[in-house]
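Each remark here refers to the structure printed beneath this line.
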Amino acid sequence: MLKANLPHGCSGFEYPEPTATYSEDALLPAGGEYLYDTTLNVTWLRNANANGGMNWDSATTWAANLTTGSGNTAIDDWRLPTMAANPDPRSSFNGSTASGSNVPGSSSEMASLFFDTLGNISMVNTSGYSMGFQSLNTGSFENMKYDAYWLGTEYAPTPFAAWSFFTSYGSQGLSTKEQPFYAMAVRTGDVLTPVPEPETYAMLLAGLALMGGIARRRNR
């Protein structure tokens, strides 16, 4: 039996060994610190609790200011996971909206990771019946909490609310920004795909010009 890192306000309990399986092909190691998500074409910071619990403003600031690596390998374009455009805040059990249990993986980057890649399920089934606390499959992530995580999307009609994802319940919804939730850092693209320096482009163009000159001389 495994001990859970419980959501706020819950007392200790034991739950069964994990039964969910995750797609190893969809989550690839990208250096020691990172995991590349082939489904979303994003790179996740492997440490899913790099800065502890914090309110939404602090979480977004932390991600925006985060720099990993150094020198030519430094990465400074981190952010919080985002929602799809125009998320429906009405709560449902059957995945018909962006809020509630069993939300579609397309509703947010966190939902895609939790359900589609890591193979987790919600605590409530699509009929609204509780199936009890579920095990949390964390794949190759480190320090992923059985708790709540911030998403980087605010709720426009209510300035004091933002979207969040609960790994403890397998649910997604709105929370007041002052809640001390965890945060995962993500960035677009694969960190192992380097962006060529200007000098590299210049050398490439010079090489192409040289090859073109040689080809023209051979054709004379």
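I'd like the full set of residues that are without any contact (Cβ under 8 Å) to a residue 24 or more places away in the chain and not basic (Lys, Arg), limited to the range 74-104.
Filtering the range 74-104 down to residues without any contact (Cβ under 8 Å) to a residue 24 or more places away in the chain leaves 74, 76, 85-86, 88, 90, 92, 96-97, 104.
The answer is ALA74, ASP76, ALA85, ASN86, ASP88, SER92, SER96, THR97, PRO104.
Step by step: first the residues of the range 69-114, then only those that are at pLDDT below 95 and assigned to a helix (DSSP H, G or I), then the one that is surrounded by the fewest Cβ atoms within 10 Å (Cβ to Cβ). Which residue is that?
Filtering first and then ranking leaves GLY71.
Of all residues in the range 57-68, how many are under 18 Å from TYR155 (Cβ atoms) and exposed (fewer than 14 other Cβ atoms within 10 Å of the Cβ)?
1
Output the residue which, of all residues in the range 115-153 that are in a strand (DSSP E or B) and of a type in the set (S, T, N, Q), is surrounded by the fewest Cβ atoms within 10 Å (Cβ to Cβ).
By that ranking, first place goes to SER130.
Of all the residues that make up the range 27-67, how many are β-branched (Val, Ile, Thr), over 28 Å from GLY119 (Cα atoms) and either in contact with a Pro (Cβ under 6 Å, 6 or more places away or on another chain) or not in a loop (DSSP other than H, G, I, E, B) (or both)?
Of the residues in that region, 1 qualify.
Being in contact with a helix residue (DSSP H, G or I) (Cβ under 6 Å, 6 or more places away or on another chain) and of a type in the set (A, V, I, L, M, F, W, C): is that true of ALA111 here? Spell out the reasoning first.
Details: in contact with a helix residue (DSSP H, G or I) (Cβ under 6 Å, 6 or more places away or on another chain): yes; of a type in the set (A, V, I, L, M, F, W, C): yes.
Taking the combined requirement at face value, the residue satisfies it.
Tally up the residues in the range 175-197 that are of a type in the set (A, V, I, L, M), at pLDDT 95 or above and outside any strand (DSSP E or B), please.
Result for the range 175-197: 3.
Is one or more of the residues making up the range 2-23 at pLDDT below 85, within 17 Å of the chain's Cα centre (by Cα) and either in a loop (DSSP other than H, G, I, E, B) or of a type in the set (A, V, I, L, M) (or both)?
yes
Restricting to the range 153-176, count the residues that are of a type outside the set (Val, Ile, Thr) and under 16 Å from ASN49 (Cα atoms). Let's see the steps before the verdict.
Residues of the range 153-176 that are of a type outside the set (Val, Ile, Thr), as a first pass: 154-157, 159-166, 168-175.
Then drop every residue that is not under 16 Å from ASN49 (Cα atoms), which leaves 164-166, 168.
Looking only at that region, the number is 4.
Got a number for residues in the range 53-98 being under 20 Å from ASN125 (Cβ atoms) and either within 17 Å of the chain's Cα centre (by Cα) or among the basic types (Lys, Arg) (or both)?
Count: 2.
Run down MET131, MET184 and say which single residue is of a type in the set (A, V, I, L, M) and farther than 16 Å from MET54 by Cα.
Among MET131, MET184, only MET131 is of a type in the set (A, V, I, L, M) and farther than 16 Å from MET54 by Cα.
Could you check the range 154-174 and list, in sequence order, the residues that are in contact (Cβ under 8 Å) with a residue 24 or more places away in the chain, hydroxyl-bearing (Ser, Thr, Tyr) and either assigned to a loop (DSSP other than H, G, I, E, B) or surrounded by fewer than 21 Cβ atoms within 10 Å (Cβ to Cβ) (or both)?
TYR155, THR167, SER168, TYR169, listed by residue number.
The values are calculated or read from the model by the stated rules, or taken from the named source; none is laboratory data. Since this is a predicted model, take the numbers as computed values, not measurements. Note: ideal-geometry Cβ built from the backbone for every residue, glycine included; neighbour counts use all protein chains shown.
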